[in-house]
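Notes follow once the structure below has been shown.
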Amino acid sequence: MPGSFKYGVSTYSYVDDYGSVMTLEDAFDHIADTGATGIEILGEGQIEGYPNPSSEFLDRWFGLLDKYKLEPTNMCSWVDMRITLGRNLTVEEGAAELERDLRLAHQLGFKFLRPKFGVLSHDLIPEPQWEAYAERNLDLAHKLGVVICPEIHAPTPIKHEVVDGYINFIERTGTRNFGLMIDTGIFQDRPLTHWGSHQINEEARKHMEFLNGIKVPPEHFLDVAQYVVFIQAKFHDIDENLEDQNIPWQPVISAIKRSGYSGYLSSEYEGWRAPWRSIDQVRRQHVLLRKMEREYDEGKFA
């Protein structure tokens, strides 16, 4: 159906299980079992020998893609501006880190690369040299067919100077190889109960107010939709009745559908890290999101 979403899963969803009770192939198996067609990874977390994987790893990677009929979607990476304590990266060094990960993403078949730039503030204003890192790599990104997409993540809302800066960069350069990744955690409108493996207490809430949700109105998505190339479907807890306890999916899906977006919704579970819980939670989200999309298409909500 034209305008239908594609569904994927980020291996970050399984972060505490991965490497302890879950292998790379286990992750592929669980992702394919949801009916998803895309796999998203953390470069440093899932690529053995990062940033120089062996031929044995590459053979296994492409063998798993073929076996489970998945396509690589987005590779998450980091530009480590404080990799040395005495100084920040130079423009040349930062651009080289981004180039390294672009080439690696392409080698593994990914079409999107999310670089996490260093930040200067609680609301995630990136270091000022991010623009130079990215601009020096636009020609390479075009050649490789990879889109660089920094993430809009709580506590940064859509109407913010961070987003404005990325959009201004896109407009100034005219590039098609730089876009926005939206993390749906920005739409969270009810407080979290757990953060990782810990129950959240009131003291933690005082220091991390975003745990209560920054409550971005889903309608704001329409203001930036033309620049959005990838969506991480962040969530924290879906109950046995398939009701999300934190994200208001009906208005979120409505806004995304009305925008005409037809790319990936890539599940990113970030809830209570009890063993194996993530597997069931990701399955629940895929049932919920498909149900929401179907009901929207049937006109059951607008």
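The values are calculated or read from the model by the stated rules, or taken from the named source; none is laboratory data. Only a predicted model underlies this, so the values are computations on that prediction, with no experimental measurement involved. Note: ideal-geometry Cβ built from the backbone for every residue, glycine included; neighbour counts use all protein chains shown. Note: areas computed on protein heavy atoms with side chains; ligands, DNA, RNA excluded. Shrake-Rupley method; radii C 1.70, N 1.55, O 1.52, S 1.80 Å.
Taking amide H as placed 1.01 Å from N in the peptide plane, Met81 has its amide H under 5 Å from the amide H of Gly118, each at least 5 places away in sequence or on another chain. Across Phe187, Phe210, Phe230, mean-square fluctuation computed from a Gaussian network of the chain (C-alpha pairs under 10 Å connected) peaks at Phe210. The trypsin sites (Lys or Arg not before Pro) of region 87-119 meeting both criteria, a DSSP state outside H, G, I, E and B (loop) and at most 12 other C-beta atoms within 10 angstrom of the site's C-beta, are Arg87. The alpha-carbon positions of region 187-302 define a convex hull whose volume is 107 Å³ per residue.
Of the accessible area of the chain, computed with a 1.4 Å probe over protein heavy atoms only, carbon and sulfur atoms account for 50 percent. Computed over region 6-298, the convex hull of the alpha-carbon atoms projects to a mean area of 15.4 nm². For the pair region 1-51 and region 96-150, the centres of their Cα atoms are 21 angstrom apart.
Glu240: net charge of surrounding residues, Cβ under 10 Å, Lys/Arg +1, Asp/Glu -1, itself excluded? After counting each charged neighbour, the total is -2. Taking the Cα centre of region 6-298 as origin and assigning +1 to Lys and Arg Cβ atoms and -1 to Asp and Glu Cβ atoms, the resulting dipole is close to 440 debye. Compare Gly109, Gly49, Gly165 in a GNM of the chain, Cα atoms joined below 10 Å, and give the one with the largest fluctuation. Highest fluctuation of the listed residues: Gly49. Structure note, pairs Lys69/Lys215; Lys6/Lys143; Lys111/Lys300; Lys6/Lys116; Lys67/Lys215; Lys159/Lys291: Cα-Cα distances above 31 angstrom occur for Lys69/Lys215; Lys111/Lys300; Lys67/Lys215. Modelled spin labels at Ser259 and Asp297, positioned 7 Å past Cα toward Cβ, are 2.0 nm from each other.
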